[in-house]
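Undergrad: Sharing a structure here in structure tokens format.
Laboratory data are not the source of any read-out in this text; all were calculated from the coordinates shown. Nothing here was measured: the structure is a model prediction, and the numbers come from that model. Note: ideal-geometry Cβ built from the backbone for every residue, glycine included; neighbour counts use all protein chains shown.
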Amino acid sequence: MEALKQTLKQQIIEALNLQDTKPEDIDDKAPLFGEGLGLDSIDSLELMVLLERHYQIKVEDPREGRKILQSVQSMAEFIQSKQPA
Amino acid sequence: MAERVLITGMGMITAIGETVTANLHSLTHQHSGLGFTRFIDTIYKEVLPVAEVKYSNEELARMAGVPGQPGYTRTSLLGLIAIQEALQQAGIRDMQQEPTGFINASTVGGMCDTEKVYFDIIDPEKEGDFLRYIDTLDCADCTQRIADRTGINGFVTTISTACSSSANALMYGARLIKQGLARRVICGGTEALTSFTINGFNSLKNIDKQACRPFDHNRNGLNLGEGAAYLVLESESLVKQHGSRVLAELSGYCNSNEAFHPTAPSPEGDGAYTAMKEALAMSGRSIDQVQYVNVHGTATWPNDLSEGRALERLFGSEVPPFSSTKPFTGHALAAAGAIEAIYSVLAIQHRLIFPNLNFAEKMEELSIVPETRLLEEQAVTTVISNSFGFGGNNASLVISKYEG
Amino acid sequence: MAAITPQHSFEGDLFAQPLRSNTGNLLQVTEPDYKAFIPPNSLRRMSRLLKMGLTAAQQCLRDSSLGVPGAIITGTGKGSLQDTERFLKDIRQYGEKALNPTPFIQSTYNAVNGMIAVAQQCTTYNNTFVHRGFSFEHALLDSILQLQEGAPHTLTGALDEMSEEHFYIKSRIGYWKKEPVDNVQLYNTLSPGTIAGEGAVFFSLSATPTAHTYAHITGLKLLYKPAVAGISAGLSAFLQEQQLAVEDISLVITGRNGDSNFEHFYTELDKVLGTVPQLPFKHLCGEYETSGAFAVWLAAHIMKAQQLPQQWFPMQADFPAAGFQRILIYNHFFGEQHTFVLLER
């Protein structure tokens with residue numbers, strides 16, 4: 001789980017071109033949208049692309065996506081829940 | 001006093017008909033144009049419904065009177081068919097009699113044809129006829145093809161403001177007339193389906209896999225469409241001079257911006273509210289004189305919420321019948337504003353209010369529901385037509401019965 | 001005004017900037033530091049043309065200090081090529097699955113307009129023209145209409161970029177010279193094709209002059225696919241509308257570009273102009289759809305300073321004396337869209 005979260009942070013930074021952000025700047029539980037990193041709805045679509053490209057997980061409904069993409073923690077939990085044990 | 005701007009001719013082709021009359025027939029018989037594409041090469045061929053014009057490019061070229069002539073993209077052919085009907089209806093045979101402008105609208109120009117050969121175009125190893133499509137990549141190509149074929153001899157230009165493009169073209173044409181820079185301008189837009197736009201809207205996750213459901217609680221996105229529509233706008237003095245038949249008046253318009261987000265409207269519908277309010281003020285009509293609103297109603301989750309709130313803010317508890325005709329035509333992007341402006345004229349001419357198909361459940365955020373039946377024998381004298389687009393671009397038109 | 005162009009046009013004293021020369025037939029803009037104009041959270045997603053456009057727009061508003069504009073109107077021939085190219089390639093590369101939405105959104109021709117509106121919180125009129133060599137000039141005409149309709153001032157701009165890929169595409173149908181040309185020698189090498197360029201140029205236009213005003217745009221005439229004789233007839237008609245004689249023009253800035261396919265339009269113009277001094281500008285910015293905006297920007301600087309940036313015209317043997325009352329711009333885009341713009345002091 002820890003390793004997954006680290007990888008995710010790196011992937012988020014790359015996908016969204018967060019130039020001045022380092023993985024350690026992103027708190028696992030901090031909200032990604034609004035307050036936190038200041039991401040918006042287009043970023044949320046970009047993060048869904050990330051999930052599909054890197055983890056083969058397709059999120060169809062943008063509203064469902066918002067719940068999954070709340071934080072690095074929630075993303076990691078979602079990815080784990082989708083992967084075969 | 002500034003000239004009044006009158007509509008003297010209309011022409012169109014959409015998935016529900018290749019003439020204005022054929023469109024009216026489909027609207028009144030509730031025949032939707034949605035189905036699966038025959039002409040686009042995409043993995044979504046049998047997944048995402050579209051409202052495609054039922055003719056191949058070869059058939060369209062024959063209908064447009066340019067059979068076998070190379071270089072006409074589908075965008076140009078659709079436009080050519082629509083403008084020829086508009087000219088005929090307005091009784092314009094000789095362009096030389098009166099300088100005639102052409103304000104066209106397009107979102108992706110000739111992409112429908114260039115996307116098929118783009119990778120050949122950029123490959124130095126490849127040579128061939130496809131090189132002639134290079135100049136059709138931009139939005140001006142279709143405009144000039146149509147202008148040259150029909151002998152347009154006034155202002156020629158193209159507007160691209162995404163889904164509100166042709167509403168803005170109508171507005172610009174009307175302003176050129178009001179300011180005395182032209183007496184006759186043909187305005188509208190043309191749009192052909194492309195893999196580019198299907199994939200684009202799909203990447204935004206706002207295409208419904210079912211037929212779109214505007215203003216429904218369970219709406220899940222739009223369906224793309226294609227087509228072309230043009231309206232002949234003339235100054236009142238030119239109409240009087242020629243004794244032309246007037247179909248309706250373009251009595252008000254407003255373009256306002258959300259200044260909110262690249263692709264989403266503000267939740268309270270600020271831009272839509274302002275556009276409708278200002279357009280109505282310009283037309284000199286009050287809210288109780290509006291009998292019908294042809295809404296933008298794309299059936300995306302944010303649009304319908306925002307537009308619905310704007311309707312409630314403007315009309316309070318007296319929201320007039322409203323419907324989205326996009327379940328008939330799909331969202332024809334640059335052509336949508338002009339298609340729906342023509343439907344607004346038809347509503348006035350034929351005393352009709354068109355149904356909003358596929359509606360089942362009221363949105364919980366709103367107290368209003370769209371009109372789902374075809375209403376006949378309605379005294380429709382003033383209609384608002386909305387077109388909203390990316391970049392927060394909102395355009396509202398007010399179309400009124402011409403009382404002379 | 002503000003201009004991001006192949007010259008050092010964005011900052012500093014124009015009349016002290018050296019000429020940038022180039023021999024590759026593609027003049028690319030000198031990019032400023034965008035960070036000073038666009039917040040990092042917005043900048044991270046933006047492609048090149050969007051950065052150019054938004055930055056030129058912001059700098060223009062700083063320069064005019066007129067505040068939030070009453071209308072935002074732009075012209076662009078090609079929109080964001082980088083995004084269009086990327087989305088086309090993504091569709092192919094990823095087999096239409098899991099595509100990034102950003103290039104699609106930014107490929108929309110009015111993307112820059114929308115971003116300026118958000119940055120300025122400008123909720124009024126917003127429009128984008130996309131018609132080759134008329135794109136900027138119709139934006140200008142629309143702005144003039146807006147001012148007459150009561151807008152206090154408009155933000156009016158033009159933006160186009162040229163990518164390596166698109167440069168190659170257009171080379172396949174003869175847009176550019178086959179042989180490499182030094183831009184300074186452009187007018188001495190009359191042969192088929194010209195050199196490519198790009199730029200983002202914005203103007204604040206107001207109905208009444210301010211202490212900061214550069215020039216007064218007094219006339220605009222657009223001709224679509226005229227015959228060659230239509231150029232001289234068009235100019236004569238334009239001057240007549242303006243109640244001017246040829247001698248009333250102090251300087252003519254022309255779009256001459258060394259392209260032998262279309263040189264005859266300029267030769268035709270020479271007949272009417274006689275001895276009125278002329279200056280070309282395409283060696284400075286290259287040929288592109290909205291290059292007319294570069295010419296207006298240059299003319300407005302000359303008018304305000306009553307001085308020429310002589311260092312930018314090494315090919316010119318002598319220069320007209322100062323005292324520029326009226327500057328006429330004549331330009332066309334590959335023989336199709338012809339434009340006259342008149343500026344007065």
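Undergrad: What percentages make up the Cα-Cα pair-distance distribution of the protein assembly as shown when the bins are 20 Å wide from 0?
TA: In whole percents, the pair-distance histogram is 16, 50, 30, 4, 0.
Undergrad: Shifting gears a bit: GNM, chain B, Cα, under 10 Å: largest mean-square fluctuation among B:98, B:127, B:340?
TA: For chain B, modelled as a Gaussian network with Cα springs under 10 Å, the answer is B:127.
Undergrad: May I pose another question? Applying the Karplus parametrisation 6.51 cos²θ - 1.76 cosθ + 1.60 with θ = phi - 60° to the phi angles of segment C:18-26, what ³J(HN,Hα) value in whole Hz is obtained for each residue in order, glycine and proline being reported as x?
TA: These are the phi-based 3J(HN,Hα) values: x, 6, 8, 9, 7, 10, x, 6, 9 Hz.
Undergrad: What's the exposure ranking of C:256, B:132, going from fewest to most Cβ atoms within 10 Å?
TA: On the way: C:256 24, B:132 12.
The fewest-first ordering by Cβ neighbours comes to B:132, C:256.
Undergrad: Could you work out the local net charge near residue C:309, counting Lys and Arg as +1, Asp and Glu as -1, over the other residues with Cβ closer than 14 Å to its Cβ?
TA: Details: positive: C:20, C:304; negative: C:13.
Here the count lands on +1.
Undergrad: DSSP loop (so not H, G, I, E, B), at most 16 other Cβ within 10 Å: list which GluC sites (Glu not before Pro) in segment A:13-70 pass both filters. Mind dumping the intermediate values first?
TA: Details: sites: A:14, A:24, A:35, A:46, A:52, A:60, A:64; in loops: A:35, A:60.
Sites meeting the loop and neighbour criteria: A:35, A:60.
Undergrad: Can you list the residues, at least 5 places off or on another chain, whose amide H is less than 5 Å from the amide H of residue C:279, using H built in the peptide plane?
TA: C:252, C:253, C:254
Undergrad: From the phi angles alone, apply the Karplus equation (6.51, -1.76, 1.60; θ = phi - 60°) to segment C:257-264 and give each ³J(HN,Hα) in whole Hz, x where the residue is Gly or Pro.
TA: Calculated HN-Hα couplings, in order: 9, x, 8, 5, 5, 10, 4, 4 Hz.
Undergrad: If you take the charge dipole of segment C:201-337 about its Cα centre, with +1 on Lys and Arg Cβ and -1 on Asp and Glu Cβ, which of C:203, C:313, C:222 is farthest toward its positive end?
TA: About the Cα centre, the residue reaching furthest to the positive side is C:203.
Undergrad: In a GNM of chain B with a 10 Å cut-off on Cα contacts, which of B:125, B:191, B:361 has the highest mean-square fluctuation?
TA: Highest fluctuation of the listed residues: B:125.
Undergrad: Once Lys and Arg get +1 and Asp and Glu get -1 on their Cβ, which of B:400, B:314, B:372 lies farthest toward the positive end of the dipole of segment B:297-404?
TA: Projecting each Cα onto the dipole axis, the largest value belongs to B:400.
Undergrad: Among C:294, C:334, C:37, which one shows the highest mean-square fluctuation when chain C is modelled as a Gaussian network with alpha-carbon springs under 10 Å?
TA: Its mean-square fluctuation being the largest, the pick is C:37.
Undergrad: Given R₀ = 45 Å, FRET efficiency for residue B:43-residue C:182 by Cβ-Cβ distance, to 0.05? Please report the intermediate quantities before stating the final value.
TA: Details: r = 49 Å, r/R0 = 1.09.
Step by step, r from the Cβ atoms, then E = 0.35.
Undergrad: Can I ask one more? Average partner chain C-beta neighbours within 10 Å, per residue of B:192-205?
TA: 5
Undergrad: Using θ = phi - 60° and the Karplus curve 6.51 cos²θ - 1.76 cosθ + 1.60, what whole-Hz ³J(HN,Hα) does each residue of segment C:118-128 get, with Gly and Pro shown as x?
TA: 5, 4, 9, 6, 9, 9, 9, 3, 8, 8, 9
Undergrad: Please give the average number of partner chain Cβ atoms lying within 10 Å of the Cβ of each residue in B:160-168, rounded to a whole number. Could you put the intermediate results ahead of the total?
TA: Values: counts 12, 10, 8, 1, 3, 5, 0, 0, 7.
Mean partner-chain Cβ count within 10 Å for B:160-168: 5.
Undergrad: Can you divide the C-alpha Rg of segment C:1-73 by 2.2 N^0.38 Å and report the result to two decimal places?
TA: Values: Rg = 13.7 Å, N = 73, 2.2 N^0.38 = 11.2 Å.
Expressed relative to 2.2 N^0.38 Å, the Cα Rg reads 1.22.
Undergrad: Something else now. State to the nearest 20 debye the size of the charge dipole of the protein assembly as shown about its Cα centre, where the only charges are +1 on K and R beta carbons and -1 on D and E beta carbons. Numbers along the way, then the final one.
TA: Values: 66 positive and 92 negative charges, 129 e Å.
With only Lys, Arg, Asp and Glu charged at Cβ, the dipole is about 620 debye.
Undergrad: Another question, if that's okay. Which percent, to the nearest 5, of DSSP beta bridges fully inside segment C:242-345 are antiparallel? Each step should come with its number before you reach the end.
TA: Numbers: 8 of 15 bridges.
Once the DSSP bridges in segment C:242-345 are tallied, antiparallel ones form about 55 percent.
Undergrad: Oh, and also: Show the residues, 5+ positions off or on another chain, whose built amide H is closer than 5 Å to the amide H of residue B:222.
TA: B:207, B:208
Undergrad: Taking N as the number of residues in segment B:285-392, what value does Rg over Cα atoms divided by 2.2 N^0.38 Å take? Could the numbers behind the result be given before it?
TA: Working: Rg = 13.0 Å, N = 108, 2.2 N^0.38 = 13.0 Å.
Rounded to two decimals, the normalised Rg is 1.00.
Undergrad: While we're on this one: For residue C:181, enumerate residues with amide H under 5 Å from its amide H, sequence gap 5+ or separate chain, H modeled in the peptide plane.
TA: The list, which skips near neighbours in sequence, is C:25.
Undergrad: Here is a follow-up. As a footprinting exposure proxy, order B:149, A:66 by other Cβ within 10 Å, with the fewest listed first. If you can, show how the numbers build up before the last one.
TA: Numbers: B:149 18, A:66 13.
By the 10 Å Cβ count, ascending, the order reads A:66, B:149.
Undergrad: Let me ask another. If you put +1 on each Lys and Arg Cβ and -1 on each Asp and Glu Cβ, how big is the dipole of chain C around its Cα centre, in Debye rounded to 20?
TA: Using Cβ point charges on Lys, Arg, Asp and Glu, chain C gives about 660 debye.
Undergrad: What is the distance in Å between the Cα centres of segment B:187-262 and segment C:130-151?
TA: 22
Undergrad: Moving on to the next point. Calculate for chain C the 222 nm mean residue ellipticity that helices alone would give, adding -39,500 (n - 2.57) per DSSP H run of length 4 or more and normalising by residue count, nearest 500 deg cm²/dmol.
TA: Details: 11 runs with 117 residues, N = 345.
Mean residue ellipticity at 222 nm (helix-derived): -10000 deg cm²/dmol.
Undergrad: What three numbers, in Å, describe the spread of the alpha carbons of segment C:217-345 along their principal axes, ordered from the longest?
TA: Largest first, segment C:217-345 extends 36, 32, 24 Å along its Cα principal axes.
Undergrad: To the nearest 20 debye, what is the magnitude of the charge dipole of segment C:1-98 about its Cα centre, counting +1 on the Cβ of each Lys and Arg and -1 on the Cβ of each Asp and Glu?
TA: Values: 12 positive and 9 negative charges, 83 e Å.
Once rounded to the nearest 20, the dipole reads 400 debye.
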